[in-house]
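A short worksheet on the structure shown next.
The values are calculated or read from the model by the stated rules, or taken from the named source; none is laboratory data. Keep in mind the model is a prediction, meaning the values are calculated, not measured. Note: ideal-geometry Cβ built from the backbone for every residue, glycine included; neighbour counts use all protein chains shown.
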Amino acid sequence: MNGEFLQALDQIAKEKGISKELLIDAIDVALVSAFKKNFGTSQNVKVSISRDTGEVDVYALKTVSEEVENDLLQISVEEAKAINKNFNLGDIVEKKVTPRNFGRIAAQTAKQVVVQRIREAERGIVFDEFISRESEIITGLVQRKEKNNIYIDLGKTEAVLGPNEQTPNEVYNIGDRIKTFIVEVKKTTKGPQIVLSRTHPGLVKRLFELEVPEIQDGIVEIKSIAREAGSRTKIAVYSHDENIDAVGACVGQRGQRVQFIVDELRGEKIDIIEWNEDPMVFVGSALSPAKVINVTVDKEINSAKVVVNDSQLSLAIGKEGQNARLAAKLTGYKIDIKSQSQLSNL
């Protein structure tokens, strides 16, 4: 190595945001391993790189001993004092043992270390960027499909949309631009692993936050979401301003705001419910579009009994029980629905 190599290290350190000293320290450690591997020695050695010239020297480290049992690791008192009279028993003597052709090995090793550290630094930068975006929406391009996984190109890296995070009946074609929810960012030896979702309730929440200014401003609050991805979502909203209609703000003029979200979710139905601190009112609203006659609740066991007209029973329960199931998730109450005729026959 030479001065030009050190100048290159300076430039790399500035461009990649890596400490030059950390790079040199890493090269030192790698050169020790390279020396032992190439010259088959069990000596204790250290490598020194001149910060001025880039010259590399290898030193054997030997302990000053009365009796030398292993001349690779020990040095006699007489030999040590011949080097420097101040050496005493137990001191460590550094003896220069740089091989003639070690410069070539050092240059190759240093290059490998720098490349590896640059790769690690770039992975670290990507990880830091995306870890701060967990639970956010991101737009990417469908890049490839492999073993039921969809890989999304996010520009600086790719992320995975696993089979459990894909919305049933959605088709993802190569080149499609789609919005996904960042569920988790993991640090791995191969770089950051970014887990995406199209099924997470957080995707709906973030879409409403993007589309409804009143939510962005904190006037309207999303209280809870219940979702069966690809089919139906119920979302409970509340206005902190009595002059602002929370449901109307989310629906938008002529339904434009909610329609944008429905289109993004490829036709998923969305029921927007007004949240109410009175669980009887909230449970009744959550069963929309069904009309309820009466609601009684037991707060201690989070249970609600609901009465509806006979004509509203199937609507309240929903296809395969979906409406009642989502209402229960939305409110946190176990809901028992009865029609008037069922109630009279009890």
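Quick look at the values:
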| item | result |
| --- | --- |
| Strands (runs of 3 or more DSSP E) contained entirely in the stretch 74-191, each with at least 3 residues that are under 13 Å from the mean Cα position of the chain (by Cα) and either over 30 Å from E4 (Cβ atoms) or at pLDDT below 95 (or both) | 158-161, 177-188 |
| Residue match in the stretch 299-318 (condition: under 30 Å from I137 (Cα atoms) and in contact with a helix residue (DSSP H, G or I) (Cβ under 9 Å, 6 or more places away or on another chain)) | no |
| Candidates V183, V204, filtered to the one that is assigned by TED's automatic domain parsing to the domain that holds L141, in contact with a strand residue (DSSP E or B) (Cβ under 8 Å, 6 or more places away or on another chain) and surrounded by 14 or more Cβ atoms within 10 Å (Cβ to Cβ) | V183 |
| Verdict on I27 being assigned to a helix (DSSP H, G or I), assigned by TED's automatic domain parsing to the domain that holds Q7, under 41 Å from the mean Cα position of the chain (by Cα) and closer than 30 Å to G124 by Cα | yes |
| Members of the stretch 31-59 that are on the phi < 0 side of the Ramachandran plot, of a type in the set (G, A, S) and surrounded by fewer than 19 Cβ atoms within 10 Å (Cβ to Cβ) | S33, S42, S48, S50 |
| Qualifying residue in the stretch 149-158 (condition: surrounded by fewer than 13 Cβ atoms within 10 Å (Cβ to Cβ) and not assigned by TED's automatic domain parsing to the domain that holds V45) | yes |
| Selection count where residues are in contact with a Cys (Cβ under 8 Å, 6 or more places away or on another chain) and either of a type in the set (S, T, Y) or assigned to a strand (DSSP E or B) (or both), scope the stretch 202-230 | 1 |
